[in-house]
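The next block holds one structure in the form of structure tokens; read it before the comments.
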Amino acid sequence: MKGAAGEQSMQNGMRTIKSFTVDHLTLMPGLYVSRIDERGGCPVTTFDLRMTAPGREPVMEMGALHTLEHMGATYLRSVREDILYFGPMGCRTGFYLLMFGDLAPEEIRPLLIEMCGWIMAYEGPVPGARPDQCGNYREHDLPGARGLAEKYREVLIREQAG
């Protein structure tokens with residue numbers, strides 16, 4: 001992952017988790033492998049879908065981020081069975097995508113480009129945004145989510161082109 005710092009250190013008796021060792025001052029929007037874990041012979045890849053440059057660009061607005069979470073999770077889980085989790089980072093600069101397998105960004109970049117295109121073209125009610133389906137069903141912004149998807153799709157296409 002770009003911007004990774006040196007060894008893990010201890011703070012107040014706790015290890016510094018890997019995501020806190022990434023130099024956020026140089027981190028740019030893109031698709032990165034955050035970590036690969038293995039349990040019982042089953043690898044899980046955690047991807048960092050960094051959508052904004054931390055500390056240098058505005059964070060994602062909550063309504064747009066929330067809608068992008070619903071849309072992304074719906075799309076990804078509908079087209080792939082190896083998705084474990086898709087959800088936002090607390091800092092609101094990106095998303096984490098956890099997938100079964102030892103995977104590289106180039107293996108999933110086309111999937112994410114398709115996901116962004118689907119979100120950009122989507123018309124209708126936001127999936128899972130009814131009161132009986134979502135604890136914060138009132139805070140959604142489909143046009144904002146479309147804008148985030150369009151911006152991130154451009155980043156992914158640039159990365160794919162090399």
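The values are calculated or read from the model by the stated rules, or taken from the named source; none is laboratory data. The structure presented is a predicted model; accordingly, all values stated were derived computationally and were not measured. Don't worry about glycine lacking a Cβ; one is built from the backbone with ideal geometry, like all the others, and counts go over all protein chains shown.
Residue count for the stretch 72-88 satisfying the condition of being of a type outside the set (Val, Ile, Thr) and under 19 Å from GLU150 (Cα atoms): 7.
Considering the stretch 112-142, and only residues there that are outside any loop (DSSP other than H, G, I, E, B) and touching a residue at least 60 places away in the same chain (Cβ under 8 Å), the residue that is surrounded by the fewest Cβ atoms within 10 Å (Cβ to Cβ) turns out to be LEU142. A residue that is among the charged types (D, E, K, R) and in contact with a helix residue (DSSP H, G or I) (Cβ under 6 Å, 6 or more places away or on another chain) can be found somewhere in the stretch 108-122.
When TYR152 is tested against (1) under 17 Å from ARG50 (Cα atoms); (2) hydroxyl-bearing (Ser, Thr, Tyr); (3) outside any helix (DSSP H, G or I), only condition (3) is not met.
Taken over the stretch 25-38, the criterion of being buried (at least 16 other Cβ atoms within 10 Å of the Cβ) and under 15 Å from GLY55 (Cβ atoms) is satisfied by LEU27, PRO29.
Would you call ARG92 on the phi > 0 side of the Ramachandran plot and modelled with pLDDT of 95 or more?
yes
Count, please, the residues in the stretch 109-152 that happen to be among the basic types (Lys, Arg) and farther than 12 Å from LEU68 by Cβ. Number of matching residues: 3. Within the stretch 74-111, the residues that satisfy the criterion of being without any contact (Cβ under 8 Å) to a residue 12 or more places away in the chain and more than 13 Å from PHE47 (Cα to Cα) are ARG77, SER78, GLU81, GLY90. Going through (1) farther than 19 Å from SER34 by Cα; (2) without any contact (Cβ under 8 Å) to a residue 60 or more places away in the chain one by one, MET71 falls short only on (2).
Give the residue, chosen from GLU106, GLU57, GLU61, GLU81, that is exposed (fewer than 15 other Cβ atoms within 10 Å of the Cβ) and under 24 Å from GLY128 (Cα atoms). Explain how you work it out, then say what you get.
Values: GLU106 fails: under 24 Å from GLY128 (Cα atoms); GLU57 fails: under 24 Å from GLY128 (Cα atoms); GLU61 fails: exposed (fewer than 15 other Cβ atoms within 10 Å of the Cβ).
Being exposed (fewer than 15 other Cβ atoms within 10 Å of the Cβ) and under 24 Å from GLY128 (Cα atoms) holds for just one of GLU106, GLU57, GLU61, GLU81, which is GLU81.
Please work out if THR16 is over 17 Å from ARG153 (Cβ atoms) and either in contact (Cβ under 8 Å) with a residue 12 or more places away in the chain or not aromatic (Phe, Trp, Tyr) (or both). Yes; evaluated as a whole, the condition is true for this residue.
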